[in-house]
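Derivation of every value follows stated rules applied to the coordinates shown; laboratory data play no part. The shown structure was predicted, so the numbers you read here are calculated from the model rather than taken from an experiment. Positions of Cβ are generated from backbone atoms using ideal geometry, with glycine treated the same way; all protein chains shown enter the neighbour counts.
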Amino acid sequence: MSRQPRESERVDARVCVKLEDGSAGETRNLSPSGIYLVTDAQMRVGSGVRFSVEFQEVGGSFHLDCVGEIVRMESVEGKTGVGVRITQSRLERRAPGLPVESKPSLQWEAQT
């Protein structure tokens, strides 16, 4: 069985991921259309997932808030490796010192 070509080129990166349920993970690679992360969280192939990735820089940080679908899972280093197809995303810059309650949350309308 052959694999379909990827929509976008992947970038290898280890960045912290915050999942909507409060658990965390770490990316292994990401692209505009997907992300592969490793986590201890319980997940199922086919289910939806919301997560946020934060990229730090001197003048503040960038937050990539995403909604996706879990497309594959495997055992990795005693944890769970999860492949997610991103279906919605929002990238925004946040200034340092912005109060937590002022930061936008992951709130999107469900797609039908």
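Report the paramagnetic label zone for GLU77: residues of region 39-55 whose backbone N is under 16 Å from a point 7 Å from Cα along the Cα-to-Cβ axis. The answer is 39-41, whose backbone nitrogens lie closer than 16 Å to the label point. Beyond 14 Å, what share of the Cα-Cα pairs of region 11-88 remains, rounded to the nearest whole percent? Percent of Cα pairs beyond 14 Å in region 11-88: 58. Note on PHE55 and GLU92: their simple-model spin labels are 1.7 nm apart, each label 7 Å out from Cα toward Cβ. How many percent of DSSP beta bridges within region 44-94 run antiparallel, rounded to 5? Looking only at bridges with both residues in region 44-94, the antiparallel portion is about 100 percent. Subtracting the Cα-Cα distance of CYS16 and SER47 from their residue separation scaled by 0.36 nm leaves 9.1 nm.
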